[in-house]
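Report on the following structure.
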């Protein structure tokens, strides 16, 4: 037992010595690592400061380099801003030029009312004012309004009725998609031939389109043939002419072609020619009886 105790004591001493030796070696390793790190840091700093006599010079050089970079960035931003300003100026110039063109065109169209349509300067200015004030609400432009108003004014209708005709035509045009100039010409024709208010004439024309197989551009083309004026000559009113046109278009005849046929038929029936008398006689009529019946029907309608 004594021998075993001695062996144990010796092993304990050996283990303690090994532990202390390991700790000494570890401490020495840490010391060496710290020394190497310090040397590396000093070398890196020396490399960065190489070429400068003092640390102050190095800091000054760094600040100068930073300022140079900032100046380059500022110049680049200024260049971008200048380009943007130039582009904005170019856009503004284009807008200004287009605005001048529109203003010049409006002035030309307005002046034409006096120089070619023959209206007074006062009436011209009245129509121009109405165009500026009303066109936006009517879905058109002042230039288009003045251009369309040329038609009623050139027929001798006054400024007030011409403005009303153009305004009603603009409503029809916005509602149907028809050309404002052509629609104004149609309303002008109806008012000039049959009289009455522009509002009523526009309503009748719209009803004709609704009762026949046609669109408003088709009716404009039909009125352009002159069949309304021919019908008026022989006592046929706007509603009657429109009803005949609607009847024919419902049966597949294009509006302009139907209007041409109606105009020719009315001329043959109403004109005192041998050919007209022959056609009327074959139908059991005479020229006088046909005219009387036509007038009576017109009055009834």
Residue 162: at pLDDT 95 or above and farther than 25 Å from residue 214 by Cα, yes or no? yes
Scan region 109-152 for residues that are surrounded by fewer than 20 Cβ atoms within 10 Å (Cβ to Cβ) and within 19 Å of residue 186 (Cβ to Cβ) and report the count. 3
Residue tally, condition closer than 17 Å to residue 146 by Cβ and assigned to a helix (DSSP H, G or I), over region 175-197: 8
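To keep it simple, each residue is scored yes or no on (1) surrounded by fewer than 17 Cβ atoms within 10 Å (Cβ to Cβ); (2) modelled with pLDDT of 95 or more; (3) assigned to a helix (DSSP H, G or I).
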position: 205; (1), (2), (3): no, yes, yes
position: 214; (1), (2), (3): no, yes, no
position: 218; (1), (2), (3): no, yes, yes
position: 235; (1), (2), (3): no, no, no
Is it the case that residue 156 is in the same structural domain as residue 117 (by TED's automatic domain parsing), part of a loop (DSSP other than H, G, I, E, B) and under 18 Å from residue 126 (Cβ atoms)? yes
Check off (1) at pLDDT below 95; (2) closer than 19 Å to residue 188 by Cα; (3) crowded, with 19+ Cβ neighbours inside 10 Å for residue 106 and give me the number that stays unchecked. (2)
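The values are calculated or read from the model by the stated rules, or taken from the named source; none is laboratory data. Keep in mind that what you see is a predicted model, and the values were worked out from it rather than measured. Because the Cβ atoms are built from the backbone with ideal geometry, glycine has one as well, and the counts that use them run over all protein chains shown.
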